[in-house]
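Accompanying notes for the structure given below.
The values are calculated or read from the model by the stated rules, or taken from the named source; none is laboratory data. Given the structure is predicted, the values throughout are model-derived calculations rather than measurements. In this analysis, Cβ positions are derived from the backbone assuming ideal geometry, glycine residues included, and neighbour counts consider all displayed protein chains. Surface accessibility is based on the protein's heavy atoms, side chains included, excluding ligands, DNA and RNA. Shrake-Rupley method; radii C 1.70, N 1.55, O 1.52, S 1.80 Å.
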Amino acid sequence: MTRFTQTRRGFLASTAAAGAAAVLPFKAAAQSSGTLRLRIDGDLDVLDPGFMTGGIEIEAQKQCLPFLAQYKREGDTVTWEPTYFVDKLEQRDATHIDFTLRDGLVWSGGYGPGTAADVKYSYERMTSSDWSGYFEALDRVDVTDERSGTIVLKEPFAPFIMVTLCHGPGAVLSEKAMKDVGERFTTEFPAICGPYKLDLTPGQRALYTPNPDWTGPKPAFERVECPIIGQVKAAELAFEAGELHCTEVAADTLARYSANMPDGAEITVGGELQYMWLGMNTQNPKLADLTVRRAIQHAVDVDSILQGAYSGTTEKSYGIVCPGLLGKRDATKYYQYDPQKARDLLAEAGIAGLELTLRTLNTQERMLAAQIIQANLAGIGITVKVLPLDSGPFWEMGQESKGDTWQDLELWLMRFGTTPDPYEATQWFTSDQVGVWNWERWTSEEYDRLYAEGTRETDPARREEIYLRMQDIMEETGAYVWINHEPEAFVHSSDVVVSAAPTGELDYRRFVRA
């Protein structure tokens, strides 16, 4: 699979800013004007689905462009359903997906009705975009008539609907409008076909107002105002002051609200598609001995990290597959917290006076977690220096293309985000990712083979076996201590029902009044 750029991964793995928020009385924001007020964390830079970063740009696409499928929750499981842009979306067999667009959907700017040719243009264009990894399995889109067609895959790719069609890369564009603007755009959609149109005031806000050409169901709110609030803590204060209907919350605030929820407020969790771990460089001379890595695995008290750094608001991790997805493990297989076992393993390896450096992003939760690990390892005789880093140098430190820091890597705290299918989480640890995103620098022919099989396998039970085994292989390397799955948590006024994708993006058109 084609992998994403560092910018893409940096965005997915970004964390909330640190800081302390005072407790203020909550005031429900006024809704008399039919206006929904939501926070965005920065300017929208590239709205083009092929070349975006993601996040709030995907949120904008969901309001202004057609999608064939959308996420749906069934209990604790994430699945999919057709959107109101289609009359039919059906996987006929492992390599053919039939669709029929709803009649009456019209592009703005006089570009006519939405057509199957637009779907063909949009998806085939993505095969040469920055997000081409999502479309590597695509062979072509066959057009049957003006509104119908078939998505044809080269080979079975089990997560195509969940990972490709439901997510930002699955947006449909007007072929005619795109050709009129040179087939690339940044902050202005060439044509829209959705309930809202978008107006941007750089550095200040994004404003969504009714699209006069929209013939589909009207959203619950006439306007959506999204002021730019860069810091999570500032957004929390704005919510508590009644200036926002909904905002993401950091772990410490989530814990505070869980213990003492403000009147008129509720919490909604979109998903827990983050996975965090302590990583070890298997090629560093200090950590080349598996016995030493095993000792570190046994020495880290993950439960203390969950309480001390995350106030008990996150789910304990046992691997890279997240809650709600097939292949999620419910226990570690090769280690558990046992300081005496850790000491015995170090003695077996003949190691004494070991000194290591632990690198981490310089955020509140990560620093607290690093300090707990530092204390845990001191308890078995390993001295750890914690090195906090800003985002830029942190995301470059394990990449061979970015310099020589990878040669000195020993320990680090890492968190990735993913989409609701285990295939994406597993792709970063294949052999060809050594020196790119596999900073632990191990290789396994079995893992690589299972990765390829997992994308093609359509039987859920067999896929589950594959992803469980892949995580066993990772843990066998001794290079991982699994820590947690952080929730995408939003506080909101209780008279608003939030629509949050498991990946964390809000879908304003699917918000409703309670």
**Complete:** Subset of the range 176-217, residues open to solvent by 30 Å² or more (accessible area, probe 1.4 Å) and aromatic (Phe, Trp, Tyr), comes to 214
**Fill in**
Matching residues in the range 436-454 (open to solvent by 10 Å² or more (accessible area, probe 1.4 Å), part of a loop (DSSP other than H, G, I, E, B) and of a type in the set (A, V, I, L, M, F, W, C)) number 2
**Message:** Taking the condition of being closer than 18 Å to residue 166 by Cα and either without any contact (Cβ under 8 Å) to a residue 40 or more places away in the chain or open to solvent by less than 10 Å² (accessible area, probe 1.4 Å) (or both), how many residues in the range 492-501 meet it?
**Reply:** 1
**Prompt:** What are the residues in the range 220-239 that are farther than 21 Å from residue 55 by Cα and in contact with a helix residue (DSSP H, G or I) (Cβ under 6 Å, 6 or more places away or on another chain), if any?
**Reply:** none
**Qualifying positions in the range 474-514 - closer than 17 Å to residue 235 by Cα and polar (S, T, N, Q)** = 493
**Item:** Complete set of residues in the range 330-358 that are open to solvent by less than 50 Å² (accessible area, probe 1.4 Å) and either over 36 Å from the mean Cα position of the chain (by Cα) or within 14 Å of residue 377 (Cα to Cα) (or both)
**Value:** 339, 342, 345, 346, 349, 354, 356, 357, 358
**Request:** Please go through the range 316-372 and pick out each residue that is within 24 Å of residue 409 (Cβ to Cβ), touching a residue at least 60 places away in the same chain (Cβ under 8 Å) and among the small types (Gly, Ala, Ser).
**Result:** 317, 319, 349, 369
**Complete:** For residue 487, the lone unmet condition from (1) in a helix (DSSP H, G or I); (2) at pLDDT below 95 is (1)
**Item:** Qualifying residues in the range 455-477 (those that are out of contact with any Gly (no Cβ under 8 Å at 6 or more places or on another chain) and at pLDDT 95 or above) - the one surrounded by the fewest Cβ atoms within 10 Å (Cβ to Cβ)
**Value:** 461
**Message:** Being outside any strand (DSSP E or B), touching a Ser or Thr at 6+ places or on another chain (Cβ under 8 Å) and under 21 Å from residue 107 (Cα atoms) is the filter here; which residues of the range 127-165 pass it?
**Reply:** 144, 146, 147
**Message:** Would you confirm whether or not the range 126-145 contains a residue that is in contact with a His (Cβ under 9 Å, 6 or more places away or on another chain), open to solvent by less than 20 Å² (accessible area, probe 1.4 Å) and without any contact (Cβ under 8 Å) to a residue 40 or more places away in the chain?
**Reply:** yes
**Asked** Within the range 394-403, is even one residue touching a Ser or Thr at 6+ places or on another chain (Cβ under 8 Å), open to solvent by 10 Å² or more (accessible area, probe 1.4 Å), within 28 Å of residue 447 (Cα to Cα) and at pLDDT below 95?
**Response** yes
**Request:** Working carefully through the options 261, 276, find the one that is under 30 Å from residue 224 (Cα atoms), hydrophobic (A, V, I, L, M, F, W, C) and either modelled with pLDDT under 95 or buried (at least 19 other Cβ atoms within 10 Å of the Cβ) (or both).
**Result:** 261
**Prompt:** Scanning the range 241-252 for residues that are touching a Lys or Arg at 6+ places or on another chain (Cβ under 8 Å) and not in a strand (DSSP E or B), which turns out nearest to residue 310 (Cα to Cα)?
**Reply:** 250
**Request:** Give the residues of the range 420-441 that are within 19 Å of the chain's Cα centre (by Cα) and of a type in the set (Val, Ile, Thr), sorted by residue number.
**Result:** 426, 436
**Request:** Quick one: residue 306 ticks every box in (1) in a loop (DSSP other than H, G, I, E, B); (2) in contact (Cβ under 8 Å) with a residue 12 or more places away in the chain; (3) aliphatic (A, V, I, L, M); (4) open to solvent by 10 Å² or more (accessible area, probe 1.4 Å) except a single one, so which number is it?
**Result:** (1)
**Request:** Kindly indicate whether residue 225 is acidic (Asp, Glu), in a loop (DSSP other than H, G, I, E, B) and either under 25 Å from the mean Cα position of the chain (by Cα) or surrounded by fewer than 17 Cβ atoms within 10 Å (Cβ to Cβ) (or both).
**Result:** no
**Fill in**
Flagged in the range 196-222 as within 20 Å of residue 246 (Cα to Cα) and touching a Gly at 6+ places or on another chain (Cβ under 7 Å), in numbering order, are 221, 222
**Output for the range 404-424, where each listed residue is assigned to a helix (DSSP H, G or I), closer than 16 Å to residue 479 by Cβ and modelled with pLDDT under 95** = none
**Request:** Considering each of 100, 95 in turn, give the residue that is over 24 Å from residue 196 (Cα atoms) and either surrounded by fewer than 20 Cβ atoms within 10 Å (Cβ to Cβ) or aliphatic (A, V, I, L, M) (or both).
**Result:** 95
**Asked** residue 173 passes all but one of (1) open to solvent by less than 10 Å² (accessible area, probe 1.4 Å); (2) in a strand (DSSP E or B); which number fails?
**Response** (2)
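Yes/no per residue for (1) touching an Asp or Glu at 6+ places or on another chain (Cβ under 9 Å); (2) among the polar types (S, T, N, Q); (3) not in a strand (DSSP E or B):
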{"residue": "37", "(1), (2), (3)": "yes, no, no"}
{"residue": "45", "(1), (2), (3)": "yes, no, yes"}
{"residue": "51", "(1), (2), (3)": "yes, no, yes"}
{"residue": "63", "(1), (2), (3)": "yes, yes, yes"}
{"residue": "71", "(1), (2), (3)": "yes, no, no"}
{"residue": "80", "(1), (2), (3)": "no, no, no"}
{"residue": "84", "(1), (2), (3)": "no, no, yes"}
{"residue": "87", "(1), (2), (3)": "yes, no, no"}
{"residue": "90", "(1), (2), (3)": "yes, no, no"}
**Complete:** Going through the range 103-125 in order, the residues found to be open to solvent by 20 Å² or more (accessible area, probe 1.4 Å) and either within 22 Å of residue 159 (Cα to Cα) or free of Cβ contacts under 8 Å to residues at least 24 places away in the same chain (or both) are 110, 120, 121, 124, 125
